[in-house]
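Single-structure report; data block below.
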Amino acid sequence: MRRSSLVLRILVIGYVGALLALPLGFVFQQAFSHGWAQLWAALHDHAMDLAIILTAKVAILAVPLNVLFGVGASLWIVRHPSKVSRVLDVVIDVPLALSPIIVGLVLELAYAQNGWFGSAFAAMGLRVMFSYPAIVLASVFVSLPLVSRQVIPLLREIGDHQEQTAATLGARPTRIFFTITLRSIAWAAAYGVTLTLARVIGEYGAVLIVSGNIALITQTLTLNIGANFESFNSYQGFVGALLLALVSVLVLTVIGVSRHRLERKRHGSFV
Amino acid sequence: MAVSYSGVTKSFRGRLVLDGISDVVNEGELTALLGPSGSGKSTLLKIIAGLTPLDSGRVSLAGKDVTNTPARDRHIGFCFQDYAPFRHLSLRENIAYGLKVQHVARAQRREQVDELLRLVRLEDYADQYPHQLSGGQRQRMALARALAIKPDVLLLDEPFAALDAQVRAELRRWVRSLQQELGITTILVTHDQVEAMEIADRLVILNEGRIEQAGRPPFVYDHPATEFVASFLGPITSLGGISYRPHELELVGISDAAETLEVREVVRLGFEVRVILTNAEGSTTWVQLTHDQVKQINPRVGQRVGVRVRSTIATPAATGAEPATPRETSHHEGSH
C-alpha cells in the first residue's frame, strides 16, 4: 500500500470515528451504564412510551401520504410535462433547502387558530395546531422530495416505450400503471420510503414548533429525548437516543439492501 | 387490413413535423417509410398506432375511421426500435402480456405462447429475462409479443437499427418471410435504403414532413421523382449538368459521342471500382465499374478518357419520369 493512501485512510477513519462512532458509542455506553434492570425500567417510562406510540402513529400516516404524493408528482412531472409541473419540480425541493424551524413557523402562521387556513378549520370546530394533524403535516412537509427524487430519474431513464407497448397490446391506463410502471419503480420508491421513515422519526425542529411539545400528548420520541436532557434526566434521554439509534441502523440496513437491488436491476438493464 | 391516412399534420412546439400527408397501404403488403432522421417517419408510425395524437387529418383501418380510437382498441402490433421489453417479466410473460389483457384462459395462453416461441425460434429461452437475451433475440421477442394479439397491422420502428450488420441482414430476410407467411399488412420505418429496397413491396420516401415519392422499389430507384429521392436511394453523380447513377456511365475512347474527362483517382473496393474524373472546369464525375470492366479499359491517373451514358439506360435519373402504374405516383409539388 502506498504511504499516501495509508495516510488518507487513517484521516478518513479518524474523521468519521470522531464525528460518528465515538458519540454513538457513548450513547450505547451511557444507556447500558446502570445495568439491565434499570434499562428495562427506563424502557417502560410512561412519557417515553406515549412518545414512541405518537411517533409510530405519525409515521403510519405521513409515510404513505408521502409515497402517494411522491409517486403521483413524479408521474406528472415526467410523463405530462407542462409549465405547472416544471414549477412543481423546483418547488418540491424547497423543504430540503429550508431550515425545519422555518417550516414549523410557516405552518404555524398558516394553521394557527387565527392563521390563513387555521381560521377556516377553527370555524368548523377543528384545531390543527398543537395536535396530531400538525405533527403529520410538518413531517410530510420536511420529507416532501424524498420519494420523488428517487423515482423521477428512474422514470426518465426507463422512458415510456414499455407503457406505450402495453397500450398497443390492449391494456388500460390503470393496468399499465400497476403491471408496468409501478413494477419498474418499486425499488426506487422503497428506497424513498426508508428515507422518509428515517426523516419522519428523526425530525425535531419543525415538529417542536407545531406540536407545542406537550408531554404525554404531543411529544414525539425526539421531543421526549430533548425534554429529558433539559430536565437533567439524562439517563432516560440516553435510553431514548439508543432506541432512535437502533431504528437508524435498521433503516440504514434496509436502504443498503434496496439500493443494492436497485443497482443490480439497473445493471441488468440495457440501453 | 388496408391502412390509409389523409392530410396528417403534426407539429411539436411550433415545428412542423408532418405537413398534411396522405397515403394508402394495401392489405398484405410491406411498406417501408424511408427518410433521413427528422423526416417525420417515426411520428407518422406512432400516429397510425394511436400513440401520438395528430393535429389534423384522418387515419383509417380497413376503411373504418380510427382517428379518435385509443391505441388499445386499434388492434395494431407495434415494435419500438429499442424493443421496449418489459424488464421485470420473463420472455414467456412478455409474450403472454397481451393475451392476459384479453383474459385468455391459462391453458390456452400457454399453448399460444409456446406456438409463438417456436415461430420466433426462442423456445429455449422462455424463462430468461430480457437482459439475458442478445439484441436479435430481444427483437424477435418484441415481434412475438406484438403478434400474440393477432394484430391486423404490424408497425415496426427501425426494427434492425440496433443490431450488428450480420444479424441485421439475416433478421430482415427472416422478418420478410414471416410477414409473407402471415400475410400481415406491415409498415416499417427505416433510414437504410438498402434494407428498404431489399424487403419492401413499396417505398414511401419522406423528407421534411412530406412524401417525396411512393412506389415499387425498383421503379423509384430507376425513376426518382426528385433530386432528393435520387440522392437518398443511392449514389448519384453528374455528367454535363445531368444526374446519373455512377453505374449508368461507362468509359470509352475519346470521341464526339462522349465527354472527355481526366482520370483523377481509381479506388478499388473489392468487386467494385470507382473511377473519379474531372473536366476542364474542375467539376467531378465518378463512374462505378466492375473489375472486369477495369481490366479491359485499364484507366490510369492523368489519362484522358471519354465518358458516356451506357446504351442500356433509357432515361437519366431525376427526370420525374412518368409513373408505370397509377399507384406509383409522386406526391411532390413542383420539381427541384
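The values are calculated or read from the model by the stated rules, or taken from the named source; none is laboratory data. Quantities reported herein were computed from a predicted structural model and do not represent experimental measurements. As a convention, Cβ positions derive from the backbone with ideal geometry for all residues, glycine included, and neighbour counts pool all protein chains shown.
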In segment B:37-49, is there at least one residue being under 20 Å from A:THR179 (Cβ atoms), under 24 Å from the mean Cα position of the chain (by Cα) and not β-branched (Val, Ile, Thr)? yes
Residue check, B:LEU289 assigned to a strand (DSSP E or B) and over 25 Å from B:PHE219 (Cα atoms): no
Out of B:GLU212, B:GLU227, report the one residue that is surrounded by 22 or more Cβ atoms within 10 Å (Cβ to Cβ) and of a type in the set (Asp, Glu). B:GLU212
Quickly run through segment A:141-174 and pick out the residues that are crowded, with 20+ Cβ neighbours inside 10 Å and of a type in the set (Val, Ile, Thr). A:VAL142, A:VAL147, A:VAL151, A:ILE152, A:THR165, A:THR168
If we scan segment A:82-93, do we find a residue that is in contact with a Leu (Cβ under 7 Å, 6 or more places away or on another chain) and either among the aliphatic types (A, V, I, L, M) or within 14 Å of another protein chain (Cβ to nearest Cβ) (or both)? yes
What single numbered condition from (1) under 24 Å from A:SER184 (Cα atoms); (2) in contact (Cβ under 8 Å) with a residue 40 or more places away in the chain; (3) crowded, with 20+ Cβ neighbours inside 10 Å; (4) in contact with a Ser or Thr (Cβ under 8 Å, 6 or more places away or on another chain) fails to hold for B:LEU33? (1)
How many of the residues making up segment B:113-137 are more than 9 Å from chain A (Cβ to nearest Cβ), surrounded by fewer than 19 Cβ atoms within 10 Å (Cβ to Cβ) and not in a helix (DSSP H, G or I)? 5
If you check every pair at least six apart or on different chains, which have Cβ atoms under 9 Å apart with a residue in segment A:120-136 that is farther than 23 Å from A:ALA56 by Cα and without any contact (Cβ under 8 Å) to a residue 60 or more places away in the chain first and a residue that is exposed (fewer than 12 other Cβ atoms within 10 Å of the Cβ) and of a type outside the set (A, V, I, L, M) second? A:ALA122/A:ASN114
In segment B:103-112, residues that are loosely packed, with under 14 Cβ neighbours inside 10 Å and either among the polar types (S, T, N, Q) or within 13 Å of another protein chain (Cβ to nearest Cβ) (or both) total 2
Among the residues listed as A:ASN228, A:ASN233, the single one being within 17 Å of A:LEU43 (Cβ to Cβ) and either crowded, with 18+ Cβ neighbours inside 10 Å or at pLDDT below 90 (or both): A:ASN228
If A:ARG127 satisfies every condition in (1) at pLDDT below 95; (2) within 14 Å of another protein chain (Cβ to nearest Cβ) but one, which is the exception? (2)
Quick check: anything in segment A:175-188 over 26 Å from A:LEU252 (Cα atoms), surrounded by 23 or more Cβ atoms within 10 Å (Cβ to Cβ), within 14 Å of another protein chain (Cβ to nearest Cβ) and modelled with pLDDT of 90 or more? yes
Determine if segment B:12-21 includes at least one residue that is among the basic types (Lys, Arg), farther than 15 Å from A:LEU169 by Cβ, without any contact (Cβ under 8 Å) to a residue 24 or more places away in the chain and surrounded by fewer than 23 Cβ atoms within 10 Å (Cβ to Cβ). yes
For segment B:63-79, how many residues are in contact (Cβ under 8 Å) with a residue 24 or more places away in the chain, over 11 Å from A:GLY170 (Cβ atoms) and either out of contact with any strand residue (DSSP E or B) (no Cβ under 7 Å at 6 or more places or on another chain) or not assigned by TED's automatic domain parsing to the domain that holds B:SER42 (or both)? 1
When the residues of segment B:7-61 are filtered to those that are in a helix (DSSP H, G or I) and more than 14 Å from chain A (Cβ to nearest Cβ), which remaining residue is farthest from A:GLU163 (Cα to Cα)? B:LYS41
Which of (1) modelled with pLDDT of 95 or more; (2) among the hydroxyl-bearing types (Ser, Thr, Tyr); (3) over 20 Å from B:LEU51 (Cβ atoms) does B:SER134 not meet, given it meets every other one? (1)
Quick count over segment B:82-119, residues being aliphatic (A, V, I, L, M) and closer than 24 Å to A:GLY159 by Cβ, is 6
Name the single residue that is surrounded by the most Cβ atoms within 10 Å (Cβ to Cβ) among those in segment A:69-121 being assigned to a helix (DSSP H, G or I) and polar (S, T, N, Q). A:SER74
Of the residues in segment B:66-92, those that are in a helix (DSSP H, G or I) and either at pLDDT below 95 or at the interface with chain A (Cβ under 10 Å from one of its Cβ atoms) (or both) come to B:ALA71, B:ARG72, B:ASP73
Condition test on A:ARG2, is it over 28 Å from A:ALA190 (Cβ atoms), over 31 Å from the mean Cα position of the chain (by Cα) and loosely packed, with under 10 Cβ neighbours inside 10 Å? yes
Among the candidates B:ILE254, B:ILE199, which residue alone is more than 30 Å from B:GLY14 (Cβ to Cβ), in the same structural domain as B:LEU18 (by TED's automatic domain parsing), surrounded by fewer than 24 Cβ atoms within 10 Å (Cβ to Cβ) and not polar (S, T, N, Q)? B:ILE199
I'm trying to understand the selection: among the residues of segment A:60-118, which are in contact (Cβ under 8 Å) with a residue 60 or more places away in the chain, under 20 Å from A:SER211 (Cα atoms) and aliphatic (A, V, I, L, M)? A:LEU61, A:ALA62, A:VAL63, A:LEU65, A:ILE101, A:VAL103, A:LEU105, A:LEU107
Enumerate the strands (runs of 3 or more DSSP E) found wholly within segment B:138-221, keeping only those where 1 or more residues are on the phi < 0 side of the Ramachandran plot and within 12 Å of chain A (Cβ to nearest Cβ). B:153-157
